[in-house]
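The values are calculated or read from the model by the stated rules, or taken from the named source; none is laboratory data. Source: prediction; values computed, not measured. So basically every Cβ, Gly included, is an ideal-geometry build from the backbone, and we count neighbours across all protein chains shown.
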Amino acid sequence: MQALGVTEIDEPARMTTAELQAFLELEFPQAFERGGDILLEDSGYGYAKVRLRHADKHLRPGDTLSGPSMMLLADTAIYVALLAAIGPVSLAVTINFNINFLRRPTRRDLIAECRLIKIGKRLAVGDIGIRSDGRDELVAHATATYSIPPAK
């Protein structure tokens, strides 16, 4: 995914995809247990690709995937992209989140790709696109800002 104004960052990731998965399973076992609905597919410095596996619990009336499920996916994608850039900081938190629902997602897995637009000492801003698996068009677009706690 190439977002507006975002260029590729030639910097090594601070955590690999496998390290990120292990960290999330340890810190957030309720959401990231093995075989769960969220799967980290790829990551790099300031980048993450995350899958939300289709499950009936993510549906809403009208036989479509729910907004809260898409918001969970987008927020997870920026968190993973941030950790890939700064390392294992469990207390980084969302301070702003905006999402636009663009079209009705079908009964498929959803894929979110996030690129960080800015990584500062205290704040990081990300651009997230969500697609239905196997489709090119976005079903949602989000931006989010994370607060990075001061280093100790």
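Brief remarks follow.
- Sole exception among (1) part of a loop (DSSP other than H, G, I, E, B); (2) modelled with pLDDT under 85; (3) surrounded by 12 or more Cβ atoms within 10 Å (Cβ to Cβ); (4) not aromatic (Phe, Trp, Tyr) for Glu8, by number: (3)
- Qualifying residues in segment 112-136 (those that are in contact with a strand residue (DSSP E or B) (Cβ under 7 Å, 6 or more places away or on another chain) and assigned to a loop (DSSP other than H, G, I, E, B)) - the one nearest to Ile78 (Cα to Cα): Arg122
- Contact annotation: residue pairs with Cβ atoms under 9 Å, 6 or more positions apart or on different chains, pairing a residue in segment 123-152 that is more than 13 Å from Ile99 (Cβ to Cβ) and without any contact (Cβ under 8 Å) to a residue 24 or more places away in the chain with a partner that is charged (D, E, K, R) and in a strand (DSSP E or B), are Val125/Lys118; Arg131/Glu113.
- In the set Ala85, Ala92, Ala81, only one residue is under 15 Å from Arg14 (Cβ atoms), small (Gly, Ala, Ser), surrounded by fewer than 20 Cβ atoms within 10 Å (Cβ to Cβ) and in contact with a strand residue (DSSP E or B) (Cβ under 7 Å, 6 or more places away or on another chain); that residue is Ala92.
- The set of residues in segment 131-152 being aliphatic (A, V, I, L, M) and more than 15 Å from the chain's Cα centre (by Cα) consists of Ile148, Ala151.
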